[in-house]
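A.B. asks: For reference, the structure I am asking about is given below.
The values are calculated or read from the model by the stated rules, or taken from the named source; none is laboratory data. Quantities reported herein were computed from a predicted structural model and do not represent experimental measurements. Glycine gets a Cβ as well: all are built from the backbone with ideal geometry, and neighbour counts include every protein chain shown. The accessibility values were calculated without ligands, DNA or RNA, using every heavy atom of the protein model including side chains. Shrake-Rupley method; radii C 1.70, N 1.55, O 1.52, S 1.80 Å.
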Amino acid sequence: MGMENQGQLLGRTSTLPTFPSIAVNYQRRRRKLPLNKTKSTPPLINRRGSLSREIGHAAAETYLITRLTFKLLSYLGLGYRWITRFLGLALYAMLLMPGFLQVAYYYFFSPLVRRSVVYGDQPRNRLDLYLPAKIDSPKPVVAFVTGGAWIIGYKAWGSLLGKQLSEHDIIVACIDYRNFPQGTIGDMVEDVSQGISFVCSSIADYGGDPNRIYLMGQSAGAHISSCALVKQAVKESRAETVSWSTSQIKAYFGLSGGYNLPNLVDHFNNRGLYRSVFLSVMEGEESLKKFSPEIMVQDWSSKAAVHLLPHIILFHGSSDSSIPSDSSKAFVDTLHRVGAQAELILYDGKTHTDLFLQDPLRGGKDDLFDYIVAYIHANDKEALAKDAMAPPRKRLVPEILIKLARRISPF
């Protein structure tokens, strides 16, 4: 596709619909959740008579995502590669559907899930909150940014993570953001930064501890959130006015992310995320370095910013074909070289979706999940004791279906 058509596509994004007023009004009527001083279930909204509102809200979001999908397909074209990947994705989802349905039921009907809390004025400036059953003291918080190839990301993709972490007394805030073609990478980073700002300033109203906030991103979400974190550190080092501080983030968890875009252009093109599309998402080839955290931290003008970064922990599967594990290794090596505190945890034989989907759906012991929970609860003996006594996580999908899904996964 020529640059003229690309420009026309991006130029039309401002006409995309925002959420209908019924969903916004419904959200505005929701009461903030005060910190409960006793060991009882925190007061939640009265859900009676809200079914029609819930349906209206779900329909509005479905309409938005469907419209974006069809616009994207018209841009990409329906070549053989994309048709086969789409069919593979459909079969993959069908095999894991027993687990997805259980998580979807929790997402839509659990009183512990606060969906679509407004954090900004732009389309998709919403986040979902997953709350523990009891809030008898301020709880640690994970601000999570989901993946989706910068194109199909959606806050609900983090519902499995939110469910499981909240069961361990950790509040999870899944931050949504504009996807391409509704927005480009600059819009995504801006949205995520604004979402982090909301979490830092408002999470205490929901029972969260503003002094124990952890930032986490997965895949494209790891790239976007790390960009937001590094850019924030740069702003602070230059004494610019900021709405949140990197000092409020206790640690950063990056899962299966890519942090050096120039090194990934050809890889993504060979995987089906064509060069012309990827460069449009990233606002042109000249912007690739500007949105590459690995390159940003090496800039001499960012030297002071590096020391403002929190502890950075990157996780990656050695058999990840969507984003090679070398991406995380190179970023950690660079962080070490410039004086930042960082580490890489590599999982042998794990793919792009094993760590985030198949392993959690499998239930039982999960090394990645256990590591994150133990890290967050490291200085809380009572929480660690409670974790040790927790029953094994429930299996959500039979093992045979998980193995089949892993074999045909398009990721």
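A.B. asks: Mind checking the per residue accessible area of the stretch 186-291 for me, 1.4 Å probe, whole number of Å²?
C.D. replies: With all protein chains present, the stretch 186-291 gives 33 Å² per residue.
A.B. asks: Step through the residues of the stretch 239-245 one at a time and calculate ³J(HN,Hα) from phi using the Karplus curve (6.51 cos²θ - 1.76 cosθ + 1.60, θ = phi - 60°), rounding each to whole Hz and writing x for Gly and Pro.
C.D. replies: Here the 3J(HN,Hα) series is 6, 7, 5, 10, 9, 8, 10 Hz.
A.B. asks: Here's something else I'd like to know. If ligands, DNA and RNA are left out, what is the accessible area of residue 136 with a 1.4 Å probe, given in Å² to the nearest 10?
C.D. replies: Here the accessible area works out near 50 Å².
A.B. asks: Just order 383-391, 303-311, 194-202 by mean Cβ neighbour count inside 10 Å, highest at the front, would you?
C.D. replies: Highest to lowest by the protection proxy: 194-202, 303-311, 383-391.
A.B. asks: Out of residues 5 or more away from residue 115 or on other chains, whose amide H comes under 5 Å of its own, with H placed 1.01 Å from N in the peptide plane?
C.D. replies: 129
A.B. asks: Give me the percent of the accessible area of the stretch 327-411 that comes from carbon and sulfur atoms, probe 1.4 Å, all protein chains in place.
C.D. replies: 58
A.B. asks: For residue 251, what residues show an amide H to amide H distance below 5 Å, using hydrogens built from the backbone and excluding near sequence neighbours?
C.D. replies: Amide H to amide H, under 5 Å and 5 or more residues apart or across chains, residue 251 pairs with 215.
A.B. asks: Sticking with this one: With θ set to phi - 60° and the Karplus curve 6.51 cos²θ - 1.76 cosθ + 1.60, what are the ³J(HN,Hα) couplings of the stretch 302-318 in order, to the nearest whole Hz, using x for Gly and Pro?
C.D. replies: Working through the residues one at a time gives 9, 4, 5, 5, 4, 6, 8, 6, x, 4, 10, 10, 10, 10, 7, x, 5 Hz.
A.B. asks: Give me the percent of the accessible area of the stretch 73-186 that comes from carbon and sulfur atoms, probe 1.4 Å, all protein chains in place.
C.D. replies: The value for the stretch 73-186 is 71 percent carbon and sulfur by accessible area.
A.B. asks: From largest accessible area down, sort 275, 85, 337; use a 1.4 Å probe on the protein chains.
C.D. replies: 337, 275, 85
A.B. asks: I need to check one value: relative contact order of the stretch 98-154, counting alpha carbon pairs closer than 8 Å and at least 6 residues apart, in percent.
C.D. replies: 21
A.B. asks: How much area per residue is accessible in the stretch 308-411 when the probe is 1.4 Å and only protein heavy atoms are counted (Å²)?
C.D. replies: Averaged over the residues of the stretch 308-411, the accessible area is 50 Å².
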